[in-house]
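The block underneath contains the structure these notes are about, expressed in structure tokens.
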Amino acid sequence: MSERLGAFFSQALQRPLRLDGWRRFPAGFSWITVGFTATPQDGGQALELILRIGDPRGLLAPYQAEPEYRALEALQGNAALPVPRVFAFSDDPAVIGAPFLVTGRVMGDTPMPWKGAAEARGEAHNASLASDFVSALAALHQVDWQNTALKRLWGTVSEDSVARDQVLYWWRHAGFADDASQAPAQLHHAMRWLLRHAPKAPRVVIVHGDYRVGNFLQQDGRITAVLDWELVHPGDPHEDLAWGALRIFSGGTGRVGGLMERAAFFEAYAKQTGLILDPQALHYYEVLGLFKSASMLLSAAHRVDSGRGHDVRMASMGFQVASTLLELNRLISEAA
């Protein structure tokens, strides 16, 4: 890795570098996360960096590094939305065998939404994180992405189609696009319901795709970096809001990510963006969020069954399918 990535990275930064200090981080099982140090051989300060590798056997494979790189590139220097500095990427498997992205390392720890953790942080700490959590999402959705390199990747996107685009994306990811007869009946029903009731987006924004507590770093109650941009795409702002507020991410607290009440979350976001939120659209995207979760769970189990994946954690995800489909059915029934 030092030799192959070293040659690529030295060329990208246009100076000879020595790479060492490799350390794999165990958290997550989508992209592989590895820390390392890049030291200029001609003198200068060493860089503490993160290498993210899109494992071909990973949960969300096949991966592309460019969308995440371009999104982070567009967000550099946004005070309300701290993100890691980006240095290089490649989607050419000839370099190290898989797509990858190199970013700066940001200090901080990852708060979790679980009830005990949320209570241990204290109300003042949670309130500070909640304020940053809302402000970062509001800042993201106000970025004029069409004046960035994302325009080349995403082209012309219609407010009428972004919801349906996501439904079909996750239907394909679950593996049933070619043979719907193999899909659980409830998932097939949900897919048809989502296509039939897809709302028009008020505007098309950069959607993080996995915006929730657990996907940012913090220090002393302030968010230091929003992470995990592998699902970034153009879409409806209601999508990120509904995903972050899903009950499965409340950790038993009934709050958004264990931080704040749902009504306060939506109200603060609306105040900062000026967007009038549509309760029906929020409910629709909650259904889509659980459909997305079920698709991930089913895909993970199928990858292990077929021999394409060997991570025991992905095998265990199959046990969560039934409860997710039951919750999905409940939300559809409520919408009716």
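Structure notes:
- Restricting the search to helices (runs of 4 or more DSSP H) fully inside the stretch 270-336 and requiring at least 3 residues that are open to solvent by less than 70 Å² (accessible area, probe 1.4 Å) and touching a helix residue (DSSP H, G or I) at 6+ places or on another chain (Cβ under 7 Å) gives 279-306, 321-335.
- Note on the stretch 242-261: residues that are more than 21 Å from ALA80 (Cα to Cα) and part of a helix (DSSP H, G or I) amount to 3.
- So VAL34, is it out of contact with any strand residue (DSSP E or B) (no Cβ under 7 Å at 6 or more places or on another chain), open to solvent by less than 40 Å² (accessible area, probe 1.4 Å) and at pLDDT 95 or above: no
- Pairs where the first residue, in the stretch 39-59, is under 30 Å from SER306 (Cβ atoms) and the second is among the aromatic types (Phe, Trp, Tyr) and loosely packed, with under 14 Cβ neighbours inside 10 Å, C-beta under 7 Å, 6+ apart: none
- PHE9 more than 22 Å from the chain's Cα centre (by Cα) and either closer than 27 Å to ALA174 by Cα or surrounded by 18 or more Cβ atoms within 10 Å (Cβ to Cβ) (or both): yes
- Residues located in the stretch 80-97, provided they are over 16 Å from the mean Cα position of the chain (by Cα), touching a residue at least 60 places away in the same chain (Cβ under 8 Å) and in a loop (DSSP other than H, G, I, E, B): VAL95, ILE96
- VAL143 vs. criteria hydrophobic (A, V, I, L, M, F, W, C) and touching a strand residue (DSSP E or B) at 6+ places or on another chain (Cβ under 6 Å): yes
- If you go through the stretch 229-255 and keep only what is more than 20 Å from PHE291 (Cβ to Cβ) and of a type in the set (A, V, I, L, M, F, W, C), you end up with just TRP229.
- The set of residues in the stretch 224-261 that are open to solvent by 20 Å² or more (accessible area, probe 1.4 Å), of a type in the set (A, V, I, L, M, F, W, C) and farther than 24 Å from VAL162 by Cβ contains only MET260.
- Number of the condition not met by LEU19 [criteria: (1) surrounded by 14 or more Cβ atoms within 10 Å (Cβ to Cβ); (2) under 23 Å from ALA149 (Cα atoms)]: (2)
- Identification of strands (runs of 3 or more DSSP E) wholly contained in the stretch 1-67 with 1 or more residues that are at positive phi and touching a Phe, Trp or Tyr at 6+ places or on another chain (Cβ under 9 Å) yields 17-25.
- Spans of helices (runs of 4 or more DSSP H) in the stretch 124-206 with at least 1 residues in contact with a Phe, Trp or Tyr (Cβ under 7 Å, 6 or more places away or on another chain) and more than 30 Å from ALA225 (Cα to Cα): 185-196
- Selection from the stretch 207-241 of residues that are hydrophobic (A, V, I, L, M, F, W, C) and either in a loop (DSSP other than H, G, I, E, B) or touching a helix residue (DSSP H, G or I) at 6+ places or on another chain (Cβ under 6 Å) (or both): VAL207, VAL213, ILE223, VAL226, LEU227, TRP229, LEU231, VAL232
The values are calculated or read from the model by the stated rules, or taken from the named source; none is laboratory data. As the structure is a computational prediction, the values presented were derived from the model and not from experiment. Here Cβ is always computed from backbone atoms with ideal geometry, including for glycine, and neighbour counts include all displayed protein chains. Ligands, DNA and RNA are stripped out before the accessible areas are found, and what is left, the full protein with its side chains, is counted by its heavy atoms. Shrake-Rupley method; radii C 1.70, N 1.55, O 1.52, S 1.80 Å.
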